Amino acid sequence: MKSVITLIRFTTAVIATLAFGIPTLLLRPFDRRGKIFHAFGRGWARTILWICGIRVRVQGLEKIEPGVNYIYVSNHASLFDIPAVMAGVPDQIRIVYKQELQKIPVFGWVLKYGPYVTIDREKRFSAMRSLELAAERIKRGASVLLFAEGTRSEDGRLQSFKRGAFSLAAKTDKPIVPLTINGSYDRRPKGKFLISPGTIELVLENPIPTDEGEGKEYEVSLMNRVAEVIRMHFKEPVTV
């Protein structure tokens, strides 16, 4: 029975993705700053979460200031992380996502032709260029979201962080907001079919300034500081 319900949810989610994705792509040439795109994206995210019976609870919204551009750095355990952040954080967020997601019909096309930034983890030069594009997005008045671990966790637990997000932060001097995502792995573990309705919790911490140093050593210190904050708020998944 759970498999049938999940299949119905997936089918409905595909229809919703088409309903939001096609108009978004058509309007993209007239939306140079990506604000209309983002509005459609938030609507899509909320719809997908509602279809799947997932609620988003956010702590710490008072710690981010409207009109300020941030670099949100979070852990990553589920496909639901992106819609949860889009729906739960009221900011013009541009996602830095892995290139493989572009292969997903409609959803991947929207990512590719939208104001988001793709990153090829296998090619260092391409990855560095992606960070430069992310920096340009910030300069145009947007925030960005990077998953510090680089890919989804296999078991829902925290993985080691990579330095790319912190290199970007040091280059732009924009503050980092540590963002902890709890509960998304339990909604749908990586490689699993079933969706489990429930709550995803987002915990935002105080922004960390990034204009106090430079170089690899400074970037590593930022990475360790953010990792410590996320580890402090992180809750181990119930699903094993």
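Here, each number is a calculation from the coordinates, and none is a lab measurement. Everything quoted here is computed from the prediction, not taken from an experiment. So basically every Cβ, Gly included, is an ideal-geometry build from the backbone, and we count neighbours across all protein chains shown.
Using only helices, what value at 222 nm comes out for the chain when you add -39,500 (n - 2.57) per DSSP H run of length 4 or more and divide by the total residues, to the nearest 500 deg cm²/dmol?
-14000 deg cm²/dmol
If all Cα-Cα distances of segment 1-111 are sorted into 10 Å bins from 0 onward, what percent lands in each bin, rounded to whole numbers?
That works out to 12, 43, 35, 9, 1, in percent per bin.
Assuming 0.36 nm per residue, please report the length gained on full extension of the stretch Asn206 to Asp155 beyond their Cα-Cα distance.
Extra length from Asn206 to Asp155 when fully extended: 15.6 nm.
Please report the antiparallel percentage of the DSSP beta bridges confined to the chain, to the nearest 5.
20 percent
Picking from His38, Val238, Ser221, whose Cα lies most toward the positive end of the charge dipole for the chain (charges on Cβ: Lys, Arg +1; Asp, Glu -1)?
Of His38, Val238, Ser221, it is His38.
Relative contact order of segment 2-233, please, whole-number percent, based on alpha carbon pairs below 8 angstrom and at least 6 residues apart.
Rounded, it is 27 percent for segment 2-233.
Given C-alpha coordinates of segment 36-79, what is the ratio Rg to Rh with the Kirkwood estimate of Rh? Display every interim value, and only then the final one.
Values: Rg = 12.9 Å, Rh = 13.0 Å.
Checking Rg against Rh, the ratio lands at 0.99.
Once you charge only the Cβ atoms, +1 for Lys and Arg and -1 for Asp and Glu, what is the size of the charge dipole of the chain about its Cα centre, to the nearest 20 debye? All intermediate terms of the calculation are to be shown ahead of the outcome.
Numbers: 36 positive and 24 negative charges, 177 e Å.
For the chain, the charge dipole is close to 860 debye.
Taking the Cβ of Thr47 as the centre, find all other residues whose Cβ is under 15 Å away and add up their charges (Lys, Arg: +1; Asp, Glu: -1).
+4
Out of Phe30, Phe107, Phe161, any idea which swings most in a Gaussian network model of the chain, alpha carbons joined below 10 Å?
Highest fluctuation of the listed residues: Phe30.
In a Gaussian network model over the chain where Cα atoms closer than 10 Å are linked, find which of Ile82, Ile230, Ile104 has the largest mean-square fluctuation.
Ile104
Between beta-carbons, use under 15 Å as the cut-off and find the net charge around Phe20, counting Lys and Arg +1, Asp and Glu -1.
Value of the local net charge: +2.
Stokes-Einstein diffusion coefficient for the chain at 10 °C in a medium of 1.306 mPa s, Rh from the Kirkwood formula over Cα pairs: what value in µm²/s? Walk me through the numbers before you get to the answer.
Values: Rh = 18.1 Å.
In µm²/s, the coefficient is 88.
Output the DSSP H helices from the chain with an along-axis C-alpha extent of no less than 15 Å and a mean Kyte-Doolittle hydropathy no less than 1.0. Don't skip to the end; give the middle numbers.
Numbers: long enough: 2-27 (37 Å, 1.60); 35-51 (24 Å, 0.42); 124-139 (23 Å, -0.24); 216-233 (26 Å, -0.32).
Both cut-offs are met by 2-27.
Suppose we keep just the alpha-carbon trace of segment 138-240; what are its Rg and Dmax in angstrom?
Considering segment 138-240 through its Cα atoms, Rg and Dmax are 15.0, 46 Å.
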